[in-house]
Amino acid sequence: MTALIVMCFVLAAVFFVLGCMDQRKLYWKTAAWQYRRPEANEPSEAAHVFNRIGLFLGAAMMLVLAAVLNAADASSTYSTAQVRSVASSAASDLNQGTQSGIGSSFRASSDLYDAVNEHGGGNVKIRSAGSGEYELTNRDGENPVCLTVTVDNDLNIGGGIGEPWSHSVSTSVNDGAC
């Protein structure tokens with residue numbers, strides 16, 4: 001996004017400089033070569049004035065676009081509270097009580113990445129900090145929140161119909177880096 005903002009500023013500067021130049025000289029340097037008799041096709045003074053106004057308006061439009069893009073980029077950077085909210089939502093998606101079958105930390109990790117992408121909308125980064133801990137930050141790598149995921153596998157021998165294995169996933173969310 002920064003490159004796009006810089007490009008808007010550069011184009012605004014180019015349009016402004018071209019608008020400040022003598023429009024008659026600009027015609028002779030850039031467009032006159034297209035005609036067999038360029039002096040017969042030279043634009044009128046009014047056309048030169050409109051060209052100058054158009055260049056200044058183009059420069060102003062590029063500055064407005066750069067300001068809008070800058071404001072949009074700044075508003076999409078999540079605060080600590082927003083990162084924590086995404087972490088809490090992802091944690092609640094994982095906390096679904098006891099389930100049958102053997103649970104794996106790999107599956108929980110995959111589910112966690114999916115939940116963070118779903119709730120964060122691409123504005124939250126996640127990285128593994130080892131041993132079931134995941135650090136969530138905003139796009140700029142700031143405002144860290146630590147999310148801990150624990151998968152408990154239990155063997156239920158005897159007694160009921162169904163699968164002998166069950167697992168539960170527990171999570172905790174803490175502010176700060178892991």
Local electrostatic count at N95 - Lys and Arg +1, Asp and Glu -1, tallied over other residues with Cβ under 14 Å
-3
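Per residue, how much accessible area does segment 5-143 have with a 1.4 Å probe, in Å²? Show your work: numbers first, answer last.
Values: 8520 Å² over 139 residues.
On a per-residue basis, 61 Å².
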R0 = 45 Å: FRET efficiency of Y113 with V10, Cβ-based, nearest 0.05?
0.75
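The values are calculated or read from the model by the stated rules, or taken from the named source; none is laboratory data. Source: prediction; values computed, not measured. Glycine also receives a Cβ, built like all others from the backbone with ideal geometry; neighbour counts cover every protein chain displayed. Accessible surface areas use protein heavy atoms only, side chains included; no ligands, DNA or RNA. Shrake-Rupley method; radii C 1.70, N 1.55, O 1.52, S 1.80 Å.
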